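Undergrad: Handing you this structure, nothing more for now.
The values are calculated or read from the model by the stated rules, or taken from the named source; none is laboratory data. If you're wondering where the values come from, they're calculated on a predicted model, not measured in any experiment. Neighbour counts run over all protein chains shown; Cβ positions are idealised from the backbone, glycine included.
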Amino acid sequence: MPVSLADILALLPEILLSLGALLLMMTEVFLAGARRGYQALLAALFTAAAFAAFLAQRGGGPRVLFGGFAVSDGFALFAGATICAGLLVTVVLGAGFLAPRSAERGEFYALALLAAAGMCLLVRAEDLLFVFIALELMSVPTYALVAYLRTGDRPSEAAFKYFLLGAFSSALFLYGAALVFGATGRTSLSGIAAAGGGKLLLAGLALVIAGLSFKIAAVPFHMWAPDVYEGASTPVTAFMAVGVKAASFAVLTRILVTAFGAPALAAVWQPLVVALALLTMVFGNLLALTQRNVKRMLAYSSVAHAGYLLVAVAAASRGFSGPSARGEAVSSLLFYLAAYTLTTAGAFGALAALERMGPDPQPWDLDRFAGLAKRRPWAAAATAMLMLSLAGIPPTVGFIGKLLVFKAAVDAGLVPLAIAGVLASVVGLYYYLRVVVVMYMQPAPLGSVPTPASWPLDLVLVATATLVLLFGLAPAGLANAALSSTGLLGG
């Protein structure tokens, strides 16, 4: 495999994240002290540097790296920047959440940076073997992060479930990749597209989709999400909800459009993705309706949003009448990923801001939000803005994201799927607006103990809510960046 200096420099964001992780682990060993606030600052600086490196690379055209194992194109750079944005929010959440609990350690930030490095490599992958390696680099640190806050049995149980189902999904993907190799003799995505294949290739494709469907929590592969999201500490849940989903959707889209994008193959997987999208939207919203545990509600909400993103993936398969239609479908996916990352990370930040320290039988009950408008008006206003964005109500960025995704589906001829998505969004209005109603129209329970304010958590709330509103009022910049980032995928 040829490796040049240009290839190494193209991976500067991933190198920065890895170096930051190594430095944090070393400082934990040799410079341990009572005050560890510098660790969050170091993690934030390396994350911001990686984000800036992704933005700096956007000026160049698509480039093949490491002899075809990876690529550097607009799609990968936009997705990588989105992942770094989610990581930055996670680092700030960790600083405000872990320090009061005397749980701030260098390994937390190191694991998060290593997982993000795997995610950023995953969105660049152009070979099924490279995809598998990046998947494991993303998954293994995430398993450890889920069990990081060892308070009670819940984190350990969540990590064990996530590990077992994650290993199962990786095995499905690897078996599917083996069948694809057996059918085509290739593992590179462009090579698979040129080779074609028969029934063995279709069986491999089905297993690849199933393996990645676990990572995105698509129905019926979603069963792990509520328990794992609830058991993990809230900053880790936020990171999983935005980072893992963004990376997994990016690599799923690249595999389907690049390797299996021929009209004959797209006609096979497109109905499968449509079915997954429909099931995920409907059941994600219906299961969230009954939840009074807000963390589980957001977990099922994450499932529902995976369904909306699958609508964009399905629309990309119908864009072969011309590159413009496919590019618009892929750009709607990228825009939605960015909007979802901002909004969901902020929503979990609201949970972290209200979560009390110590034993609590109902740490995320809906009543915890009662009377928040009077107790902490700024936090209530920011949380309301984030809930409105998740619901897709204007003028938030969530509304623009859904509008672009459903427009792409209509343009691709998937009108029934777009209608189903709109109806599913209407169902979601109930449980999102219920949180807003409780904050503004219900008094706080008698004898409730207010949670102390934390400036990092409040910063996450205010910053994400502000960006959600700004990108909703002026979406052109983000939308144009997404459209210009379709790269090799969008033509």
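Undergrad: Quick check on my filter: what residues within the range 377-420 are aromatic (Phe, Trp, Tyr) and under 28 Å from Ser317 (Cβ atoms)?
TA: Correct list: Phe399, Phe406.
Undergrad: Any chance the range 404-415 includes a residue that's outside any loop (DSSP other than H, G, I, E, B), under 25 Å from the mean Cα position of the chain (by Cα), farther than 25 Å from Leu354 by Cβ and among the basic types (Lys, Arg)?
TA: yes
Undergrad: Here's something else I'd like to know. Do you know which of the residues in the range 381-398 that are of a type outside the set (A, V, I, L, M, F, W, C) and assigned to a loop (DSSP other than H, G, I, E, B) is surrounded by the fewest Cβ atoms within 10 Å (Cβ to Cβ)?
TA: Pro394
Undergrad: Could you tell me which of the residues Thr90, Thr27 is β-branched (Val, Ile, Thr) and more than 25 Å from the chain's Cα centre (by Cα)?
TA: On inspection, the qualifying residue turns out to be Thr27.
Undergrad: Of all residues being among the hydroxyl-bearing types (Ser, Thr, Tyr) and part of a helix (DSSP H, G or I) in the range 252-297, which is nearest to Val64 (Cα to Cα)? Just the residue, please.
TA: Thr258
Undergrad: Do the conditions hold for Ala246, that is, is it among the hydrophobic types (A, V, I, L, M, F, W, C), closer than 27 Å to Pro141 by Cβ and not in a helix (DSSP H, G or I)? Lay out the reasoning, then the answer.
TA: Values: among the hydrophobic types (A, V, I, L, M, F, W, C): yes; closer than 27 Å to Pro141 by Cβ: yes; not in a helix (DSSP H, G or I): no.
No, not satisfied.
Undergrad: Which members of the range 250-270 meet the condition of being hydrophobic (A, V, I, L, M, F, W, C) and either buried (at least 18 other Cβ atoms within 10 Å of the Cβ) or under 18 Å from the mean Cα position of the chain (by Cα) (or both)?
TA: If the condition is that a residue be hydrophobic (A, V, I, L, M, F, W, C) and either buried (at least 18 other Cβ atoms within 10 Å of the Cβ) or under 18 Å from the mean Cα position of the chain (by Cα) (or both), then Ala250, Val251, Leu252, Ile255, Leu256, Val257, Ala259, Phe260, Leu265, Ala266, Trp269 are the ones that fit.
Undergrad: Tally up the residues in the range 154-186 that are farther than 23 Å from Ala112 by Cβ, under 26 Å from the mean Cα position of the chain (by Cα) and free of Cβ contacts under 8 Å to residues at least 40 places away in the same chain, please.
TA: Within the range 154-186, residues that are farther than 23 Å from Ala112 by Cβ, under 26 Å from the mean Cα position of the chain (by Cα) and free of Cβ contacts under 8 Å to residues at least 40 places away in the same chain number 2.
Undergrad: Right, something else. What number goes with the only condition from (1) under 13 Å from the mean Cα position of the chain (by Cα); (2) in contact (Cβ under 8 Å) with a residue 60 or more places away in the chain that Gly96 does not pass?
TA: (1)
Undergrad: Can you find, within the range 320-351, the residue that is modelled with the lowest pLDDT among those that are of a type in the set (Gly, Ala, Ser) and surrounded by fewer than 24 Cβ atoms within 10 Å (Cβ to Cβ)?
TA: Out of the qualifying residues, it is Ser321.
Undergrad: Looking at Val89, Val29, which one is surrounded by fewer than 13 Cβ atoms within 10 Å (Cβ to Cβ), out of contact with any Pro (no Cβ under 6 Å at 6 or more places or on another chain) and assigned to a helix (DSSP H, G or I)?
TA: Val29
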